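Working notes for the structure below.
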Amino acid sequence: MKHLALVIAAGLVSIAPAAAQWGGGYNMGTIGVSGGDEAGGMIIINCAEAGNPVVPQGALSIFLKPAADSAIGQASPGQLSFNVDGTDIVLPVSDDKGDGFVFDKTPETLAGASQLIDLLKAGDRLTVTAGGSAIATIDLAGAGAALDGIEACLV
């Protein structure tokens, strides 16, 4: 299901202008948002607002692809620290078959994910670290507008 959500988001994000740092779209009851680039790292957030036959309503996933020069490798560090303008949110992650790291919503981790999304909407810069080393740095200009509507999956 992780790869399906990523495929949906990739299709949605492709409608954004190529030069845009942040973009998003809506398809088949699913909101897909992407921010960043290959050099600095990318964050992709998928939210099943209405749900569909494959992804249940309320499903939320946060996918992080490290920066191109990151030396983290493919093994999951178990958790990532998402720092937005000095505020840290630590979320558990698993590896996504070598493509990056993925967080899936659980009742226990929903508050952290919700806080992260609020910070992304209002912040200036996201820095993601694993084991004390920065693995992604993403400018948040345009994130607020791209993330509009994602609250549907934060309940």
*Return one number: the angle in degrees, 0 to 90 and rounded to the nearest 10, between the long axis of the Cα atoms of helix 110-122 and the longest principal axis of the Cα atoms of the chain.*
80 degrees
*With point charges of +1 on the Cβ of Lys and Arg and -1 on the Cβ of Asp and Glu, referenced to the Cα centre of region 2-153, which listed residue (A130, P77, P56) lies farthest in the positive direction of the dipole?*
P56
*asked:* Using each residue's phi in region 45-54, evaluate 6.51 cos²θ - 1.76 cosθ + 1.60 at θ = phi - 60° and report the 3J(HN,Hα) Karplus result to the nearest Hz, with x for Gly and Pro.
replied: 10, 10, 9, 8, 4, 9, x, 8, x, 9
*Relative to the longest principal axis of the chain, what angle (0 to 90°, nearest 10) does the C-alpha long axis of helix 2-13 take?*
80 degrees
_Under the rule of at least 5 residues apart or a separate chain, name every residue whose amide H is placed under 5 Å from the amide H of I135._
V128, T129, A130
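Quick one: Kirkwood hydrodynamic radius for region 33-74, alpha-carbon pairs, angstrom, one decimal? Could the numbers behind the result be given before it?
Details: mean 1/r = 0.0859 Å⁻¹.
Value: 11.6 Å, from the Cα pair sum.
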*Which value, to two decimals, describes the C-alpha radius of gyration of the chain once divided by 2.2 N^0.38 Å?*
0.93
*With springs only between Cα atoms under 10 Å, which of G112, G35, G132 fluctuates most in a Gaussian network model of the chain?*
G132
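Every number here is computed from the coordinates shown, using simple stated rules; none is lab data. Just so it is clear, the model here is predicted, and its values are computed rather than measured. Every residue, glycine as well, gets a Cβ built from its backbone with ideal geometry; the counts of neighbours run over all protein chains shown.
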